[in-house]
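> Before we start, here is the structure in question, set down as C-alpha cells.
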Amino acid sequence: MVTLYQALQLILQIMWFVMIVHIIMSWLINFQVLNLRQPLVAQIWDGLNRLLEPIYQPIRNILPNTGGLDLAPLVLFVIIIIARSALANNAAFFYGV
C-alpha cells in the first residue's frame, strides 16, 4: 500500500509541475518572449496542450464563461491541493498503522 501512496503523490506532483510549466509558457507566448514558429517551442506547447486540455475541458464546461480569463487551471490547482491533503491525512491507511 505504501507504493500506491507514493505513486499517487508522484502523479499529483508531476501534474502540478506540468501545469506550472504550461502556465509560464502561456505567459511567455502571450508576451511574445517565446515564438510558436520555433519548432521546439511549438512541439512542447502542443504536447502540453494535448496533455492538459482533456483535464481542463470538463472544468471549463462547469465554470461560467469569464471571457478571456481561464479559471480552469486555478480550479485544478485547488483540486490537486485537496487531493494531496487528503492523501497526507490518510497516510496511516497506506502505511498500515
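The values are calculated or read from the model by the stated rules, or taken from the named source; none is laboratory data. Note that the structure is a prediction, hence the values are computed from the model and not measured. Note that each Cβ is placed from the backbone with ideal geometry, even for glycine, and that neighbours are counted across all protein chains shown. The protein model used for the area step is the full one, side chains on, heavy atoms only, and it has no ligands, DNA or RNA in it. Shrake-Rupley method; radii C 1.70, N 1.55, O 1.52, S 1.80 Å.
> Of the residues Ile59, Ile24, Ile20, only one is free of Cβ contacts under 8 Å to residues at least 24 places away in the same chain and either within 11 Å of the chain's Cα centre (by Cα) or open to solvent by 90 Å² or more (accessible area, probe 1.4 Å) (or both); which?
Going through Ile59, Ile24, Ile20 in turn, the sole match is Ile20.
> Next question, about the same structure. Find the residue count for segment 67-97, including only residues that are on the phi < 0 side of the Ramachandran plot, in a loop (DSSP other than H, G, I, E, B) and loosely packed, with under 10 Cβ neighbours inside 10 Å.
Residues in segment 67-97 being on the phi < 0 side of the Ramachandran plot, in a loop (DSSP other than H, G, I, E, B) and loosely packed, with under 10 Cβ neighbours inside 10 Å: 3 in total.
> Residue check, Arg50 against (1) farther than 28 Å from Val2 by Cα; (2) part of a loop (DSSP other than H, G, I, E, B); (3) open to solvent by 100 Å² or more (accessible area, probe 1.4 Å), all met but one. Which one?
(2)
> Okay, moving on. Quickly run through segment 29-47 and pick out the residues that are part of a helix (DSSP H, G or I) and surrounded by 10 or more Cβ atoms within 10 Å (Cβ to Cβ).
Hits for segment 29-47 are Ile29, Val41, Ala42, Gln43, Ile44, Trp45, Asp46, Gly47.
> Go through segment 44-71 residue by residue and tally those that are farther than 16 Å from Ile24 by Cβ and among the aliphatic types (A, V, I, L, M).
Total meeting the criteria: 6.
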